[in-house]
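Report on the structure given below.
Where a number appears in this text, it was derived from the coordinates with a stated rule and is not lab data. What you see is a predicted model, and the numbers here were worked out from it, not measured in a lab. As a convention, Cβ positions derive from the backbone with ideal geometry for all residues, glycine included, and neighbour counts pool all protein chains shown.
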Amino acid sequence: MTDRPPASDATLRLNRTFAARRERVFKAWTDREALRRWFAPSEDYTTRIFEMDLRAGGRYRLEMVSPAGESFRLQGTYRQVTPPEKLVYTWRWEHRTDPDAGETLVTVEFRDRGESTEVVLTHELFPSLEEKDKHTKGWTGCLDRLEKFTAR
């Protein structure tokens with residue numbers, strides 16, 4: 001078992017402002033078809049949504065497939081769904097067999113800025129700084145894609 005980094009080091013926070021109203025940005029995270037179209041680290045990935053029970057205690061399960069055909073399956077449970085303000089959900093990779101990988105926690109806040117929306121994404125409880133760095137890269141790609149999606 002590896003030693004976890006201190007909580008402050010094992011937490012990533014990203015802020016991004018989107019040129020779209022808060023309801024539209026929230027819907028992009030909570031509508032199955034919308035999420036499928038942008039939720040992956042780059043344009044050459046495909047995303048499939050297997051389960052999306054959008055309520056506190058509801059489960060989600062999805063898969064991102066790389067251009068090389070590598071599958072990354074993800075699952076978790078919604079802890080809080082407050083339209084159009086906040087989502088909180090757990091995050092666990094299905095393909096990870098490392099017992100230290102564990103479950104992490106994602107909080108997404110949608111702040112109304114009139115004709116735009118500030119998204120504050122917090123992803124915490126990473127088992128290592130390496131995992132945090134990998135997820136920072138992935139989330140940055142996802143948010144880039146979300147920006148294009150919500151601009152339409």
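Couplings for the range 83-95, taken from phi via the Karplus curve 6.51 cos²θ - 1.76 cosθ + 1.60 with θ = phi - 60°, read x, x, 9, 7, 10, 9, 8, 7, 9, 9, 6, 6, 7 Hz in order; Gly and Pro are left as x.
Once you divide the Cα radius of gyration of the range 12-150 by 2.2 N^0.38 Å, the number left is 1.00.
The Cα atoms of the range 1-92 give a gyration tensor whose axes a ≥ b ≥ c have a/c under 1.5, which makes the shape rounded. Considering only Ala28, Asn15, Leu105, and ranking their Cα positions along the charge dipole of the range 12-150 that arises from unit charges at the beta-carbon of Lys, Arg, Asp and Glu, the one farthest toward the positive end is Ala28. Rounded to the nearest 10 degrees, the angle from helix 129-150 to the longest Cα principal axis of the chain is 20 degrees. With springs only between Cα atoms under 10 Å, which of Lys27, Lys137, Lys86 fluctuates most in a Gaussian network model of the chain? Comparing Lys27, Lys137, Lys86 in the GNM, the peak value goes to Lys137.
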